[in-house]
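Q: Dumping the structure here so I can ask a few things about it.
Please treat every number below as a calculation from the coordinates, not as lab data. What you see is a predicted model, and the numbers here were worked out from it, not measured in a lab. With ideal geometry, Cβ positions are generated from the backbone for all residues, glycine too; neighbour counts draw on all protein chains shown.
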Amino acid sequence: MIEFKDVSLVYPNGTQGLKDINVTIKDGEFVVIVGLSGAGKSTFIRSINRLVTPTDGELLVDDEDIISYKGRGLRKLRTKIGMIFQNYNLVKRSNVFKNVLAGRLGHTGTLRSIFNLFSKDDKALAYESLKRVNIGEKLYSRADQLSGGQQQRVSIARVLTQKPKYILADEPVASLDPPTSHQVMTYLKKVNKEDQITTIVNLHFIDMAMEYADRIIGMRDGEIVFDGPVSEVSEET
Ligand code: ADP
Ligand code: ADP
């Protein structure tokens, strides 16, 4: 469970990224955050894995306030959160299989990975994860030789090998065309339902959000201006 309690975040230059956020996200939910560019969606998501640090309030992940986490605490937090980015963040010159194995890093340790000491189980999981996003035949292609949609599916597979409790997806389809966007959203939703991974996705198109979300959070100027099930989205937005 993720709980924001009066969370605010002011960037060092004085910009208010989040303003008095109060929200609880329960285990297993598929939440889509919508809002215009600059609304604070990315700041919200990045607070949860502490890529940015709130300046006020409490942010509880599984009942622990993560705001003051550092070192080992942060590593533990990030191991249970899978991140998906707009630009995939794959190692471009590395092949698909190695990129996906990287999801095991938090579990096997950096040293093992440097020497390519992934276990048979790690490899089997990586292969299985690639099959789940229908990309099992591209194992030895270089990441940057795949299409955008394929790269995003590889990044979903990487997250799956991490066996996270949470997935945070920051504009995962913003660089993709509409059919490919729907494909990627469908995989994210499928993984959420099959593995009960709590998922938070930032999108800037409300119609896409309506199609996939269980619950929609609307943001504007760092504040939450709507929070409810898709059925309650109306003229308000
Ligand atoms: P969104 O994801 O909805 O586009 P962001 O969370 O990226 O919104 O941005 C929220 C606000 O914080 C915007 O005004 C943005 O310009 C500002 N902002 C984002 N990142 C930084 C940063 N590193 N330093 C200063 N201001 C930032
Ligand atoms: P090693 O480098 O130890 O020989 P492999 O790269 O052969 O390991 O892969 C070990 C495991 O990873 C296999 O048992 C299988 O589960 C999975 N795997 C890797 N590549 C493939 C593939 N092309 N087809 C099926 N499974 C694969």
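Q: If you line up the long axis of helix 178-195 against the longest principal axis of the chain, both from Cα atoms, how many degrees apart are they, to the nearest 10?
A: The helix 178-195 is inclined about 90 degrees to the chain.
Q: Rounded to the nearest 5, what % of DSSP beta bridges with both residues in the chain are antiparallel? Present the calculation step by step, with values, prior to reporting the outcome.
A: Working: 20 of 39 bridges.
So the antiparallel bridges amount to about 50 percent of the total.
Q: Which net charge results when you count Lys and Arg as +1 and Asp and Glu as -1 among the other residues whose beta-carbon is under 13 Å from that of Arg46?
A: Numbers: positive: Lys41, Arg50, Arg78; negative: Asp170, Glu171.
So the surrounding residues net to +1.
Q: Would you calculate the separation in nanometres between label points at Asp65 and Asp195, each defined as 7 Å from the Cα along the Cα-to-beta-carbon direction?
A: Going from the Asp65 label point to the Asp195 one covers 3.1 nm.
Q: With axes computed from alpha carbons, what is the tilt in degrees of helix 120-132 against the longest principal axis of the chain, rounded to the nearest 10 within 0 to 90?
A: 60
Q: Sorted from largest to smallest, which semi-axis lengths in Å does the alpha carbon gyration tensor of region 1-109 give for its equivalent ellipsoid, taking the root of 5 times each eigenvalue?
A: Semi-axis lengths for region 1-109 are 26, 17, 14 Å.
Q: Ok, one more. Could you derive backbone 3J(HN,Hα) for region 16-27 from the dihedral phi with the Karplus parameters 6.51, -1.76 and 1.60 (θ = phi - 60°), listing whole Hz in sequence and x where the residue is Gly or Pro?
A: With coefficients 6.51, -1.76 and 1.60, one gets 8, x, 9, 10, 6, 7, 10, 7, 10, 10, 7, 4 Hz.
Q: Still on this structure, I have one more. With charges only on Cβ, +1 for K and R and -1 for D and E, what is the dipole size of the chain about its Cα centre, in debye, rounded to 20?
A: Approximately 1740 debye in magnitude.
Q: Compute the long axis of helix 148-161 from its Cα atoms, compare it with the longest principal axis of the Cα atoms of the chain, and write down the angle in degrees, 0 to 90, nearest 10.
A: 90
Q: Just name one of Leu146, Tyr127, Leu90: the one whose Cα is farthest towards the positive end of the charge dipole of region 81-237 (beta-carbon charges, Lys/Arg +1, Asp/Glu -1).
A: Of the options given, the answer is Tyr127.
Q: Taking amide H positions as placed 1.01 Å from N in the peptide plane, with prolines and chain starts having none, which residues 5 or more places from Arg220, or on another chain, fall under 5 Å of its amide H?
A: For Arg220, whose amide H was placed from the backbone, the distant partners under 5 Å are Val225.
Q: Could you compute the FRET efficiency for Tyr140 and Lys80, with r as their C-beta to C-beta distance and R0 at 22 Å, rounded to 0.05?
A: Computed FRET efficiency for Tyr140 and Lys80 comes out at 0.15.
Q: How far is it, in nm, from the label point at Lys120 to the one at Asp221 when both lie 7 Å from their Cα along the line to the Cβ?
A: Output for this residue pair reads 6.1 nm.
Q: Still on this structure: In 5 Å bins starting at zero, report the fraction of Cα pairs in the chain per bin as a rounded %.
A: Using 5 Å bins, I get a P(r) of 1, 7, 14, 18, 19, 16, 13, 8, 4, 1, 0, 0 for the chain.
Q: Give, as a single signed number, the net charge of other residues whose beta carbon lies under 10 Å from the beta carbon of Leu130, with Lys and Arg counted +1 and Asp and Glu -1.
A: That sum, taken over residues with Cβ under 10 Å, equals +3.
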